[in-house]
């Protein structure tokens, strides 16, 4: 599994490097004793490595039979798994599976199913902690409606958190999508909700760790014509 730096982080990393370079150069030139610039440089190095780690983008490929499979859209921890009524797009009861990402997780988002993008919708909102249930409907968020290959509809919701202030969504209505492709990116800590049809077989539980594009979190119930 190869790792590269995600394109969403390129400009940020360059600007941060320049800022830290100026700060540290000034510290070494004008501040004494030398122990102080050493501390500045050490803190700067750790900060830069943390941001670099945040924007890593592993190249992942799902292995195995992808028929009716739902994979995790993100790296993180399952924080919600319950039956709810989805009122924005699906207008029916569904299974909500939510995965929370800390600042230490990869923040690229993968499509959870192979299929087609039906709708993409962005909502302005608040920036409450992504752990809170209300964040799914009140926080800054992006909604992506997908039709899986077997015809069932899956809803993916990217949610900003208390730290995350920018959601990037690459999905476009009408395009084909695959589980090896990026759906989007969320900067600096947040969560992703996946809404699944009732009857879907779920393989994870609250507290489980997931790997985006790799972990099989559920299997859709096959349509009669596919059975």
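Read-outs throughout are calculated quantities, based only on the coordinates presented, and are distinct from any laboratory measurement. These numbers were taken from a predicted model, which means no experiment stands behind them. Using ideal geometry, Cβ is built from the backbone for each residue, glycine included, and neighbour counts are taken over all protein chains shown.
Applying D = kT/(6 pi eta Rh) to the range 165-223, where Rh is the Kirkwood radius over alpha-carbon pairs, T corresponds to 10 °C and eta to 1.306 mPa s, the Stokes-Einstein value obtained is 115 µm²/s. Estimated from helical segments only, the mean residue ellipticity of the chain at 222 nm is -6500 deg cm²/dmol, where each DSSP H run of four or more residues counts as -39500 (n - 2.57). Our compactness index for the chain, the C-alpha radius of gyration over the empirical 2.2 N^0.38 Å, is 1.16. Between residue 198 and residue 103, the modelled label-to-label distance comes to 4.2 nm, taking each label 7 Å out from Cα in the direction of the beta carbon. With all pairs of different C-alpha atoms in the average, the Kirkwood value for the hydrodynamic radius of the range 1-109 is 17.8 Å. Binning the C-alpha pair distances of the range 49-111 at 10 Å intervals from 0 yields a P(r) profile of 17, 37, 33, 13, 1 %, listed from the shortest bin outward. With angles folded into 0 to 90 degrees, how steeply does helix 10-30 sit against the dominant principal axis of the chain? Use alpha carbons for both and round to 10. Roughly 20 degrees, rounded to the nearest 10. Between 173, 112, 33, which gets the highest mean-square fluctuation from a Gaussian network model of the chain, Cα cutoff 10 Å? Result for the chain, Cα springs under 10 Å: 33 fluctuates most.
Between residue 122 and residue 22, the FRET efficiency estimated from the beta carbon spacing at R0 = 35 angstrom works out to 0.50. Using a 10 angstrom cutoff on alpha carbons, build the Gaussian network for the chain and name the most mobile of 185, 104, 55. The residue that fluctuates most here is 104.
Peptides 38-48, 68-78, 208-218 ranked from most to least packed give 68-78, 208-218, 38-48, packing being the mean of other C-beta atoms within 10 angstrom over each peptide's residues.
Highest GNM mean-square fluctuation, the chain, Cα pairs closer than 10 Å: which of 19, 167, 154? The residue with the greatest mean-square fluctuation here is 19. Going 7 Å from the Cα of residue 52 in the Cα-to-Cβ direction, what parts of the range 12-44 have a backbone nitrogen less than 15 Å from that spot? Within reach of a label on residue 52: 12-21, 41-44. Could you calculate the FRET efficiency of residue 66 with residue 7 from 1/(1 + (r/R0)^6), where r is the beta carbon distance between them and R0 is 22 Å, rounded to 0.05? E between residue 66 and residue 7, to the nearest 0.05, is 0.30. You can think of it this way: the chain between residue 35 and residue 172 has 44.1 nm of extra reach, that is 0.36 nm per residue less the Cα-Cα gap.
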